[in-house]
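Report on one structure; see the data block that follows.
The values are calculated or read from the model by the stated rules, or taken from the named source; none is laboratory data. Worth saying up front: this structure is predicted, and the values here are computed from it rather than measured. Cβ coordinates were reconstructed from backbone atoms using ideal geometry, including for glycine residues, and neighbour counts include every protein chain displayed.
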Amino acid sequence: MRASYKWLAEYLDLADLSPAELADRLTSAGLAVDAVEPLNRGVERVVIGKILEVRPHPQADRLKICQVDVGRGEKLEIVCGAPNAAAGLVVPVALPGARLPGGVEIRIAEFRGVSSHGMLCSADELGIETRYLPKRDVEGLLILPEDLPLGEDVVPHLHLDDVVFDLDLTPNRSDCLSIRGLVHELSAILRRPHRFPASVPGPGASGECPIEVRLETPRCPRYEAQVLEGIAVRETPLWMKMRLLAMGVRSIDLVVDVTNYVMLEWGQPLHAFDADAIAHGTIVVRQAREGERLVTLDGQERALTPDMIVIADPEKAIGLAGVMGGENSEITPSTRRIALESARFDGASIRRTGQALSLRSEAQQRFEKGVDPAAVSNALHRATELLVQLAGSHPVGAPRRVPAEADAPKPTVISFSPRACARFLGVDVPEDEMYACFESLGFGVARGEDEWRVEVPARRSDVQLPADLYEEVARLYGYHHIPATSMRLPVEAPESSDDLKLVRKVRRALVDWGLCEVRTYALTSPEAEAPVAPSGVAVPLLRPMSDDRRTLRRHLLPSLAEVARYNLAHQVSGGAIFEVGKVFLAASWPQDALPEERAVLGMLWFGEREGHPFERPRPYDFYDAKGVCDALLARLGIQVAYRVSHHAYLHPGRQASIEVGGVMVGTVGELHPDVGDRYEVGRAVYAEFDLGRLFPLASSEVRVHSIPRHPASRRDLAVVVPLGVESQALVDEARRTLSERGVLRMVRVFDVYTGVGVPEGHKSLAIALWFQRDERTLTDAEIDDAVKAVLRAWETAFGAKLRS
Amino acid sequence: MSDTWRHELEAIRGEALASLALASDSKALNEWRVEVLGKKSALGQMSRQMGGLSPDDRRVLGEALNRVRQELEQAWRARQAEIEAKEKALRLERERIDVTLPGRDVPLGAVHPISRVIEDIEDIFTSLGFSVVEGPEVETDHYNFELLNIPKDHPARDMQDTFYLTDEWLLRTHTSPMQVRTMERMRGRTPIRVIVPGRVYRRDEDDATHSHQFTQIEGLVVDEGIRMSDLKGTLEAFAKALFGPSQRVRLRPSYFPFTEPSCEVDLVCVSCGGAGCRMCKGTGWIEILGAGMVHPRVLDMSGYDSSRYTGFAFGLGAERIAMLRYGISDIRMLYQNDLRFLRQFRHA
């Protein structure tokens, strides 16, 4: 909402307040002023002048030489290129020494041999927002009213000596979408009376209104119409044009401008129809029919739905109620009779209509946020008054009011306790101060001992509850008066989610091990996920902003791969990254249940691992990832097993599922080369954990066991097995074989070798076994026997041969 | 006779000490020892020859021999210590390394700045007696809007353009639904003091200050007798903990459908300390979060009698805090995940 300082000042004494001070007061009362903009953007020493004579420039076809009277007796010779320059016109004249917006300074200048003693100005050159002016005022010189005093400064006469407040109103304050509403508010903020009439008298014309009105929808509780005849003047006076411009509304023609002007003054949107376009002299307000179409004022044909309210005559729709008029009933230069509409429409319905048609008019915004019921008649009277004054129109008959009986808007009555208010705010606002707040707002107050009855006028429909009154008190008294107090600490210690603690633990550990945490978008596209081919369907947005962010992600890899791709393309040679985020899973869509939200830890190692500068960087490999997984699981106190897995997006020979008691909690594997290529990340290793499954297994409990006093003996064995045999199988077999003896403390594979000395299709595994008992030292014989048993078991199970 | 011995002994001693002075390394020293003190040495021979002497001479000579032997041994030990010290010094000198070369790499990752901010804020509020909970990112219209006093077709819905999945399901536009979910879970028990960090989504074009996905931290307090001044006090304590003890907060009236009264909360500009600069547009204050007293309708709809209980709620953007704190000018940097950017947070 824009607001003209001068317009406000018409109704309220603002002489002692600069626009900047006023803006501060508004902002601190909750009406945030985003900007304070002078309408005059730097016009100095531009005066009103009259072109007395125009003759062509002898040397230039497109230039003219004008003799201009600027009220000094002598004539000024000014060269001008505007096509509309003509004798008799009154125009703005920038004299030598004048300044124009943008830092332009005017001097005596020569144009092809003719000296020009100034410059005749267009609206644009004066820094006026031309988009708010009608076309004829924008092309060429700005033509001023003939009766302006020559030689005087143009700024006040052009009404440029005004300042505009750009207000960022919150949606609850629709009452301030008008000058009168703002004056009410300022009157309360500044505690000074306003000076406008509470109502506007009717036009005084009597007799039957020539237009019938039928309301056929409950979404229009009130409709009033006034018919006027004759439009003697069609040009909007300069002051009104400039006031509309200050308010950011485009001037169109006098009739439309009057409706807009009154809307800005009263907050009540009005519409003007060509009364002769209304068939059978009857206005019908109804829901649109299925398949009905209407060409609106902007020339667009609109497909209407039964949810929309239309203004119609018995034959056709002539307007979209509260949103935009119809072209078929538009005011045109040939219009002779006007039907003015002032009505109330259901805000929610207006809002839906605007959204469905992507329209957002000033009228619509006011209807959807709510207009003052008391303004309907007043605005109609005011517009009638202005049309009579400015256009020379005559009212025909009295206004038509449907329903006929005036609905006295019922004020909201709220019971208010000053003590409860002070307790709630935590500040002892004096009762008289509270009273003064309500009074200055125009609220009625019946003061009681403990309970007051506060009557809120209908224009403040946002105030309904005691808490709303507390807010009025607080904001007018000043939020800065509220002290900072502290609450008692609760007795019970706060119970925070264990999962959040574990996420922190994981984050801390991974960062300490060299991984960088990333945060990526949850919105993606099926195409981006295609290389991973996640199961289920992607849940789509109804109205996405772009194709590549139109579904909820089902997997973290595409997000992490995108980060890797970006970094590899930006001179980062490699890295290890992770994210804790959600994936959204659905078996089908639409489905009866909300998508499952699964918290996942995803990790990606890509490019080269940089170690010590003297060491050669090497690509990250599977075991880098597995090492981190192992460490992480150890940190969480979880024992797992790695099993060969078969995800299509991972390298078929370099992936494993991570399992606890047969339940998969995670996956680790090198990307399938095709997937690496499609994501443009080359060789990379991915690992993920399903945190919903992993975290319940985590334990931070420690029960120490005593450190054995008897020495352990280590035996290293090198055995040759077929390539397909996994080392874990040998470890497991050794454990199983010796489980009853209770002598095997630890098994660890410490080398894998293929090549000379090992038969084709085989590998040599070096495995260390530690033997130990808590209660005594083992004898060599016992250990030798255990080793033999292990070797036998390996040979039986895997054909393992001791390497000689 | 004994004089001869004595002279000979003196000669051996003199010679041995002279040659000891010439021994310059461990090897020479060892050779000297064998030569001078060993069995085949002159001293050794003299000892062996002592058998033929009278008991008196033997005693006198023996004592003399022993004295010389002890003296030489002592001289040898001293010399040995001297040489060892010298050799060790030499070895240490040879072992000198270039200490300015880089150390062996310990890879250091970095916590994402948003996570850092969330953790810090969680810690601050935990110390103020709040617990931390999380909620779903896919919400229902009911929880995201209606139970927060934003009915369908309410103009306030324009404040948050929404990604819908169906007519009823959506990506939450704020963490505020957790106000209602928390009150429902608590079933009328008090006090309630929670904060809720989480990702939220709005249908905004991404630019330097907008992101279609961002991170909010919601706070909710419900109890008997909670005052608006408690809201101010809590937020001021928070501001001081996060930005330093000289911080203050300023409340400005505003509007949120689920709080009444509502306010925007400003901090003293972290860039200029309140003097006024470009960042705060000369006002000395920067907006940091929205807050207010829980709307009576929201309390009632969530099972808390608004005539008995009051409360406050606030919601702040982790990105905004991160940007202020770390001097980040474009919110998109937080989602670009350029490692050259993220690695700057190694020490943070």
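Looking only at residues in region B:106-142 that are assigned to a helix (DSSP H, G or I), within 7 Å of chain A (Cβ to nearest Cβ) and not small (Gly, Ala, Ser), which one is surrounded by the fewest Cβ atoms within 10 Å (Cβ to Cβ)? Result: B:126.
A search for C-beta distances below 6 Å between a residue of region A:424-446 that is within 14 Å of chain B (Cβ to nearest Cβ) and touching a residue at least 40 places away in the same chain (Cβ under 8 Å) and any residue that is of a type in the set (Ser, Thr, Tyr) and part of a helix (DSSP H, G or I), counting only pairs 6+ apart in sequence or on different chains, returns A:424/A:470; A:426/B:229; A:429/A:477. Collect the residues in region A:324-366 that are farther than 27 Å from residue A:203 by Cα and assigned to a loop (DSSP other than H, G, I, E, B), keeping them in residue-number order. Of everything in region A:324-366, those that are farther than 27 Å from residue A:203 by Cα and assigned to a loop (DSSP other than H, G, I, E, B) turn out to be A:346, A:358, A:359, A:360, A:361.
Here the helices (runs of 4 or more DSSP H) wholly within region B:1-105 that include at least 1 residues being in contact (Cβ under 8 Å) with a residue 60 or more places away in the chain are B:26-37, B:55-94. Taken over region B:192-206, the criterion of being more than 32 Å from the chain's Cα centre (by Cα) and either more than 9 Å from every other protein chain (Cβ to nearest Cβ) or crowded, with 20+ Cβ neighbours inside 10 Å (or both) is satisfied by B:202 alone. One residue stands out among those in region A:447-465 that are surrounded by fewer than 19 Cβ atoms within 10 Å (Cβ to Cβ) and within 14 Å of chain B (Cβ to nearest Cβ): the one that is modelled with the lowest pLDDT, which is A:461. Among the residues making up region A:754-779, those that are touching a residue at least 40 places away in the same chain (Cβ under 8 Å) and acidic (Asp, Glu) are A:774, A:775.
Select the strands (runs of 3 or more DSSP E) contained entirely in region A:649-765, then report the ones holding at least 3 residues which are within 59 Å of the chain's Cα centre (by Cα) and surrounded by 14 or more Cβ atoms within 10 Å (Cβ to Cβ). I'd like the intermediate steps shown before the answer.
Values: elements: A:650-660, A:663-671, A:684-690, A:713-722, A:744-753.
Correct list: A:650-660, A:663-671, A:684-690.
Could you please let me know if residue B:284 is on the phi > 0 side of the Ramachandran plot and in contact (Cβ under 8 Å) with a residue 40 or more places away in the chain?
Details: on the phi > 0 side of the Ramachandran plot: yes; in contact (Cβ under 8 Å) with a residue 40 or more places away in the chain: no.
Spelling it out, it is not the case that residue B:284 is on the phi > 0 side of the Ramachandran plot and in contact (Cβ under 8 Å) with a residue 40 or more places away in the chain.
Candidates are the residues of region A:98-120 that are assigned to a strand (DSSP E or B) and within 47 Å of the chain's Cα centre (by Cα); the one that is surrounded by the most Cβ atoms within 10 Å (Cβ to Cβ) is A:120.
A single member of A:180, A:173 is among the basic types (Lys, Arg), within 14 Å of another protein chain (Cβ to nearest Cβ) and touching a residue at least 60 places away in the same chain (Cβ under 8 Å), and it is A:173.
Screening region B:332-348 for residues that are modelled with pLDDT of 95 or more and assigned to a loop (DSSP other than H, G, I, E, B) and picking the one that is nearest to the other protein chains (Cβ to nearest Cβ) gives B:337. When residue A:123 is tested against (1) small (Gly, Ala, Ser); (2) over 44 Å from the mean Cα position of the chain (by Cα); (3) buried (at least 21 other Cβ atoms within 10 Å of the Cβ), just one condition goes unmet, and that condition is (2).
Let's see how each residue does on (1) more than 7 Å from every other protein chain (Cβ to nearest Cβ); (2) surrounded by 20 or more Cβ atoms within 10 Å (Cβ to Cβ); (3) in a loop (DSSP other than H, G, I, E, B):
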| position | (1), (2), (3) |
| --- | --- |
| B:209 | yes, no, yes |
| B:217 | yes, yes, no |
| B:220 | yes, yes, no |
| B:232 | no, yes, no |
| B:240 | yes, no, no |
| B:246 | yes, no, yes |
| B:253 | no, yes, no |
| B:276 | yes, no, yes |
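Among the residues of region A:262-269, at least one is under 30 Å from residue A:3 (Cβ atoms) and either free of Cβ contacts under 8 Å to residues at least 60 places away in the same chain or among the β-branched types (Val, Ile, Thr) (or both). Please indicate, with yes or no, whether at least one residue in region A:126-140 is under 21 Å from residue A:74 (Cα atoms) and assigned by TED's automatic domain parsing to the domain that holds residue A:64. No, region A:126-140 contains no residue that is under 21 Å from residue A:74 (Cα atoms) and assigned by TED's automatic domain parsing to the domain that holds residue A:64.
Within region A:18-38, is even one residue within 45 Å of the chain's Cα centre (by Cα), of a type in the set (A, V, I, L, M), in a loop (DSSP other than H, G, I, E, B) and in the same structural domain as residue A:183 (by TED's automatic domain parsing)? Reasoning before the result, please.
Going residue by residue through region A:18-38, those that are within 45 Å of the chain's Cα centre (by Cα) are A:18-38.
Pick out the ones that are also of a type in the set (A, V, I, L, M) and you get A:20, A:22-23, A:26, A:29, A:31-33, A:35-36.
After this cut, where a residue has to be in a loop (DSSP other than H, G, I, E, B) as well, the list is A:29, A:31.
Remaining after also requiring in the same structural domain as residue A:183 (by TED's automatic domain parsing): A:29, A:31.
Looking through region A:18-38, at least one residue is within 45 Å of the chain's Cα centre (by Cα), of a type in the set (A, V, I, L, M), in a loop (DSSP other than H, G, I, E, B) and in the same structural domain as residue A:183 (by TED's automatic domain parsing).
Consider region A:362-414 and keep the residues that are of a type in the set (Lys, Arg) and within 20 Å of residue A:199 (Cβ to Cβ). The one that is nearest to the other protein chains (Cβ to nearest Cβ) is A:366. Among the residues making up region A:132-162, those that are charged (D, E, K, R) and either at pLDDT 90 or above or not in a helix (DSSP H, G or I) (or both) are A:139, A:146, A:147, A:152, A:153, A:161, A:162. The listed residues are A:178, A:122, A:115, and the only one of them that is closer than 28 Å to residue A:267 by Cα and among the polar types (S, T, N, Q) turns out to be A:178.
Just name the residue that is nearest to the chain's Cα centre (by Cα) out of those in region A:766-804 that are among the aromatic types (Phe, Trp, Tyr) and either within 24 Å of residue A:712 (Cα to Cα) or not in a helix (DSSP H, G or I) (or both). It would help to see each step written out before you state the result.
First, the residues of region A:766-804 that are among the aromatic types (Phe, Trp, Tyr): A:770-771, A:794, A:798.
Next cut, either within 24 Å of residue A:712 (Cα to Cα) or not in a helix (DSSP H, G or I) (or both) only: A:770-771, A:794.
On the way: A:770: 64, A:771: 67, A:794: 66 Å.
By that ranking, first place goes to A:770.
Checking each residue in region A:40-60 for being part of a strand (DSSP E or B) and of a type outside the set (D, E, K, R) picks out A:46, A:47, A:48, A:49, A:51, A:52, A:54, A:56.
The number of residues in region B:143-166 being crowded, with 19+ Cβ neighbours inside 10 Å, within 7 Å of chain A (Cβ to nearest Cβ) and more than 20 Å from residue B:199 (Cα to Cα) comes to 2.
If you go through region B:172-189 one residue at a time, do you hit one that is facing chain A (nearest Cβ under 9 Å) and either on the phi < 0 side of the Ramachandran plot or modelled with pLDDT of 95 or more (or both)? Full working, then the answer.
First, the residues of region B:172-189 that are facing chain A (nearest Cβ under 9 Å): none.
No, that holds for no residue.
Applying the condition of being closer than 30 Å to residue A:703 by Cβ and not small (Gly, Ala, Ser) to region A:634-648 and asking which residue is surrounded by the fewest Cβ atoms within 10 Å (Cβ to Cβ) yields A:639.
Going by the conditions given, is residue A:720 under 30 Å from residue A:781 (Cβ atoms) and touching a His at 6+ places or on another chain (Cβ under 8 Å)?
Details: under 30 Å from residue A:781 (Cβ atoms): yes; touching a His at 6+ places or on another chain (Cβ under 8 Å): yes.
Against the criterion (under 30 Å from residue A:781 (Cβ atoms) and touching a His at 6+ places or on another chain (Cβ under 8 Å)), residue A:720 qualifies.
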